[in-house]
Amino acid sequence: MAEVKKYEEPRIGVFVCHCGTNIAGSIDIKAVMEYASTLPNVVIADDYQYMCSTPGQNKIGEAIEEQKLTGVVVAACSPRLHEPTFRAATKEGGLNPFRFEMANIREQNSWVHMHQPEEATDKAKDAVRIAVAKASLLEDLIPKSVPVERAAMVVGGGVGGMQAALDLASAGIKTYLVEKEPSIGGKMSQLDKTFPTLDCSQCILTPKMVDVYRHENIELLTYTEVEAVEGYIGNFDVTLRKKARGVMTPDEATERGIIGGGCNGCGDCEDVCPVIRPNPFELGMSPMKAIYIYHAQVSPLIYTIDFDSCVKCGLCVDVCGDKKAIELDAQDTFETVKVGTIVLATGYDIFPVEEKHEWGYKNYDNVITSLEFERLICASGPTGGHLIRPSDGATPKKVGFVLCAGSRDNTGVGKPYCSRFCCMYSLKHAHQIIEKIPGAVPYIFYMDIRSFGKMYEEFYYRIQDEGAKFIRGRVANIQEDPVTKNLHINTEDTLLGRPIDVEVDMVVLAAAVQPAAETEATRRLFGVSCSQDGWLLEAHPKLNPCGTTTAGVYLAGVCQGPKDIPDTVAQAEGAASAASIPIHRGEVELEPYFAVCIEDICAGCGMCINLCPYQALALVEKDGRTVMQVTEAKCKGCGTCGGFCPGGAIRMQHFTTPQIVAQIDAFLLGGEQ
Amino acid sequence: MAVKKDYKDQTLAERLRDRKYYVPDSNPEFVKEVEKIGQTPAHMCFQCGTCTGSCPSAPRSTYRIRLFMRKINLGLEEEILTDPDLWLCTTCYSCTDRCPRDLAPTDAIMAMRNLAARRDIVPRNFLKTAQAIYASGHGVPNNDANRAARVKLGLDAEPDTTHKYPEYLEGIRKIMDHYGLKERADKILAEEG
Amino acid sequence: MRQYAFFLGCIAPNRYPGIEASAIKTSEKVGIELLPLKGASCCPAPGAFGSIDLNIWYAMAARNVVLAEQMDMDITLICNGCYKSIYEVNEKLKHNDELRDGVNEVLKEIDMEFKGTVDVWHLAELYYDPEIVGLKKLADSVTRPLTGAKIAVHYGCHLMKPGKERHFGDTENPMWIEELVAALGAEPVQYRNKMLCCGAGGGVRGYDLAHSLDITNEKMINLQEVGADALTEVCPFCQLQYDRGQIEIEEKFGITWGLPVLHYNELLGLAQGMSPDELALDLHAVDVEPFLKKIL
């Protein structure tokens, strides 16, 4: 472990970065440098085109050695981007890494004051002066390491969550896979075929579902939701609500001493259940009993009772007989598990496209959504794979596909973003009707066909060659013929420059996707952020797309933003890899920004204890006195206690009162002492 | 700039006129003027066609609201302001209601009509309505047959508007004169004969 | 009795006075008193005036609003064109300081000031609002239900759109005026492209009559498909286009429709027992008699 060094006089080095022209384009670097060299304690001021590059970092190391620096200031971009870089350079040069201070003169300066070079330069001087004032008072800090629990959790059992769980588990990590529905599989299990390869979704997904179920390192927790999360990277305590399923697994039955009992998926109970309700997996297009499985390929193959509709007649209990799998008085149970890292793969919902009244969804019988189309065209769907018109059961010949149904929409009713996979699945739908229905003609109404992935443009070419008709125009409205229930699609063929009215038998709306309804709750539970569009926010859009701003929590799949299956699986593997790193290292370093009790002056009043939002503080007896004690691993360094302590007995590391006062003085006094 | 063709044969010169779009031939400020008057960010149009597809005038004419939006953004001021189709919008606001970019193409049309009017390009009927209001306060004024009918219904022959209270006309005329509207209407209509 | 300043506009008082007369009488029976807005003018016509110079449109409409402000009374009106001018300008001026200051500078010349103290309502929405009148009270006022009549509704563009600047909900397939029609005992009928414009707006009726009538004719085709006995609307300008327009269609295109067109207040008058004479239905260009036979 590094030792804490003390220095007599502060000796500060200031390094100003050009960032190419990002900073130098509007800030006079030379002026800032010259100004820096006049500041108290500054012994060297230097600049470089890219301070983050190897030569730039070397400058820091050389200066520390030659000038015997006690503190380093780099005026460059945001600490979020390069603080770790320059801390490493500072450490490399032989100083404690926490003797580094950053002045942000890019994001908060040159980028926003592009056309005011003089003011920007003045502001940069202020920022440097403030940073130097703090750097002069910085101290050596030693980060703490904490052990990492050798287990991970994946929340969400769609294809992304399943892949992340399989990767983590296969890397030797105990993995809890939590799914709120009774079965894993997610949206992908509702799809028929997948673009551009046209392989059957179930054929590639069900083996994976079986793998998940059988994997020795995966504990599959279906019909389970996350209730509470406590702790921090390496040591999360996650409380789970196991919703009352009303049906015991064979293992659960064995635990209760019912040897050979538990649900074997025989389905006898379903046959006798008198309650009929719509099957949500089939989007309400086929019936389901109160005791149910969504479809034959569910994993685990265990029945579930919907207690909202169950009338508790007991017929299922009777028919289940000696297996004694059914308990009609089942209650939710709770369990807390400890994990080191967490992957969120909570997926998405479909935008309620009926809110766009002009397209008549839920008003006109023969206007359906793409997901409904998937079920109708799927051999295991409610019609056995025969696409039919809901109004009369007839086979449609002319089918209109409406792209961007709620996507790329800034009206407030709809989503401003591109939903990213609708173009491709609509091309696939066009192919499917041409393949299945002789003489069928798909009309695809589009603004742009976004076929950006590998073999996607080739797929577009193929579908056009197969006979799909492409009309470049966003659909203005759809009108139903009240007699035939045919639909008139009105728009402009913008390439022809004429309004057109295409009469079709059926319309399929490629409805936008939106963040899952539970996203806000998820966000709060795991302390992660959302981006403007409501999706969970990654730590960095390019350089850390799987991480979040909460250490130890990672993202996979559409919960982070619309993406197709290949991208979801790729991100899931990335997230699994990222989530496995702390576990494999076995310990994580915590930033040493925690509160420290100055025991000599602590009066033991305990007022700080309840103020702490992280339950990190406690009163303890020490040498016959009552003093406050900080659990460093729990403390987030928020400063609530330090700001409040009536005796000034709490010191916030790296943000000490003298350091902050020096910064404020440096700003307000304009450099005068 | 468009290539000038100084062909001796004027008919040929016109037939073979350079039809390319050249940036210097356009007015980049035009979109800003339209946006200021119309209070809608017309430069955000992405040419999806929802507007023309919603338009009651499009199927029975060459009027294309989408093309007007395009021309605004290309600064084709001359072409727009002299286009007789500019006056075929019924202001039904269907395009505005459905525009996915949340623009108001109808208000852009109104703005362009205002800009045309500044050049004295206004159809007669618009000016005649203005004249009628200046004269009586009403775009559609009362007449004798209607007065008789009103009386039969137990209403006063003149409604409680400027018709019954002509003393209010002065205020209306002052407002219109503030903008010189009556004078302009008279002048344009007189010139057209 | 709730009191409102009654903004008349042009076409109702000067072409279809039965609408004005029935609005006053029918409203009284459901608890609304309409008081004269003395010295009001044309709204002014949003198409004709707005097209020439929106600033004049704002100022002229503001003058009408100020007359009601001086009475300290909300405005109600019976025409969608008026609704666009009076409602929209009132809202714009209330919420846009720059615009309001500009208008007030002009109004100062005639010793007026727009203060933004009143609201503007279409009479039909007051009928629909359960806190003002509501369907039940409306139905209770009916003494001669319009039983057996199939009535199609034309909403009119400037009442409903742009939807964001209104408060009537769905603009693609609204049903609230059908509810008002059903309250009179008639059967509202649905037809293709219900929200299609009448064709008159934006100055198009005056600019290119044939073009505007071709839109009207499309509506007539769609109405005939469902066998409507009458078309109702809440806008005298739409009424003019559909009523006189049918005569013009006959003259220009040689097609005869003969579909009676009645303002909702005329229907309400009939349902409350007013006679055709009390409504001056003889002023309608298209003979209303076939419809009257159905209900009387």
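Bear in mind these aren't lab numbers, they're just calculated from the coordinates by the rules spelled out. Just so it is clear, the model here is predicted, and its values are computed rather than measured. Cβ placement follows ideal geometry from the backbone for every residue including glycine, while neighbour counts extend to all protein chains displayed.
Assorted remarks:
- Each of A:MET455 and A:THR333 was given a label point 7 Å from its Cα along the Cα-to-Cβ line. The distance between the two points is 4.6 nm.
- Our compactness index for region B:67-151, the C-alpha radius of gyration over the empirical 2.2 N^0.38 Å, is 1.46.
- Compared with the direct C-alpha span, the chain from A:ASN610 to A:LYS324 gains 98.1 nm at full extension, assuming 0.36 nm per residue.
- Rough spin-label spacing in nm, given labels placed 7 Å along Cα→Cβ, for A:ASP465 and B:GLU170: 8.3 nm
- Computed over region B:124-192: relative contact order in percent, which uses C-alpha pairs under 8 Å that are six or more apart: 37 percent
- Nearest 10 degrees, 0 to 90: helix B:124-136 Cα axis against chain B principal axis: 30 degrees
- Residues with amide H under 5 Å from that of A:VAL154, placed H, sequence gap 5 or more: A:TYR176, A:LEU177, A:VAL178, A:VAL343
- Residue-span extension gain [A:ALA603 to A:THR626] - 0.36 nm each, minus C-alpha spacing: 7.5 nm
- DSSP beta bridges in the protein assembly as shown [antiparallel fraction, %, rounded to 5]: 45 percent
- Rounded to 10°, Cα long-axis angle of helix C:97-108 versus longest principal axis of chain C: 80 degrees
- Straight-distance candidates among the lysines for linking to C:LYS293, with alpha-carbon spacing under 20 Å and chain neighbours fewer than 8 residues away dropped: C:LYS150.
- If the segment from A:ASP251 to A:ALA517 were pulled out straight at 0.36 nm per residue, it would be longer than the present Cα-Cα gap by 92.5 nm.
- Alpha-carbon centroid distance for the pair region C:141-204 / region C:268-292, whole angstrom: 19 Å
- Estimated 222 nm signal from helices in the protein assembly as shown, with DSSP H stretches of n ≥ 4 weighted -39500 (n - 2.57), rounded to 500: -10500 deg cm²/dmol
- Distance from the Cα centroid of region A:90-106 to that of region A:235-285 is 57 Å (rounded to whole angstrom).
- Pairwise FRET efficiency - A:GLU227 versus A:ALA296, Cβ, R0 = 25 Å, nearest 0.05: 0.20
- Considering all different alpha carbon pairs of chain B, the Kirkwood hydrodynamic radius works out to 19.9 Å.
- Paramagnetic label reach from B:THR62 (point 7 Å along Cα→Cβ; backbone nitrogen cut-off under 17 Å): within region C:191-221, residues C:208, C:211.
- Left without a cysteine partner by the 4.7 Å Cβ rule in chain C: C:CYS10, C:CYS42.
- As a proxy for reagent exposure, ranking C:LEU184, B:LEU155 by other Cβ atoms within 10 Å from fewest up yields B:LEU155, C:LEU184.
- Chain A, relative contact order in percent, only Cα pairs under 8 angstrom and at least six apart counted: 13 percent
- Backbone HN-Hα couplings from phi across region A:663-669 [Karplus 6.51/-1.76/1.60, Hz, Gly and Pro as x]: 5, 5, 4, 4, 6, 5, 8
- Amide H within-cut-off set for A:GLY604, under 5 Å, with H built and near neighbours excluded: A:MET628
- Cα point-scatterer Debye curve for chain A, base-10 log of I(q)/I(0) at q = 0.10, 0.12 Å⁻¹: -1.05, -1.24
- Taken over region B:1-154, lysine pairs spaced eight or more positions apart, or on distinct chains, with alpha carbons under 14 Å apart number 4.
- Degrees separating the helix A:79-92 axis from the principal Cα axis of chain A, which is the longest one: 50 degrees
- Counting, for every residue in B:180-188, the Cβ atoms of other protein chains within 10 Å of its Cβ and taking the mean gives 1.
- Contact order normalised by residue count of region B:18-118, Cα under 8 Å, 6+ apart, percent: 37 percent
- For region B:117-159 versus region A:520-535, the gap between their alpha-carbon centres in whole angstrom: 60 Å
- Zone of B:ILE188's modelled label, taken as backbone nitrogen in region B:103-120 under 12 Å from a point 7 Å along Cα→Cβ: B:113-120
- Between amide H atoms placed 1.01 Å from N, distances below 5 Å from A:GLY547 occur with A:ALA539, A:HIS540, A:LEU555, all of them 5 or more places distant or on a separate chain.
- Rounded to 5, the percent of DSSP beta bridges in chain A classed as antiparallel: 50 percent
- For the protein assembly as shown, the alpha carbon convex hull comes to 259 Å³ per residue, rounded to a whole number.
- Taking label points 7 Å from Cα along the Cα-to-Cβ direction, B:LYS5 and A:VAL596 give a separation of 8.6 nm.
- A Förster radius of 30 Å combined with the Cβ-Cβ distance from A:GLU34 to A:ILE664 puts the calculated FRET efficiency at roughly 0.75.
- Whole-Hz ³J(HN,Hα) from phi, Karplus 6.51 cos²θ - 1.76 cosθ + 1.60, for region A:438-450, glycine and proline x: x, x, 6, 10, x, 10, 9, 9, 9, 9, 9, 9, 9
- Sorted by Cβ density within 10 Å, fewest first, the residues A:GLU591, B:GLU167, B:GLU158: B:GLU167, A:GLU591, B:GLU158
- Förster-model FRET efficiency, 22 Å R0, A:ARG80 and A:ASP237, C-beta, rounded to 0.05: 0.20
- Rounded to the nearest 20, the size of the Cβ-charge dipole of the protein assembly as shown about its Cα centre is 1260 debye, with Lys and Arg at +1 and Asp and Glu at -1.
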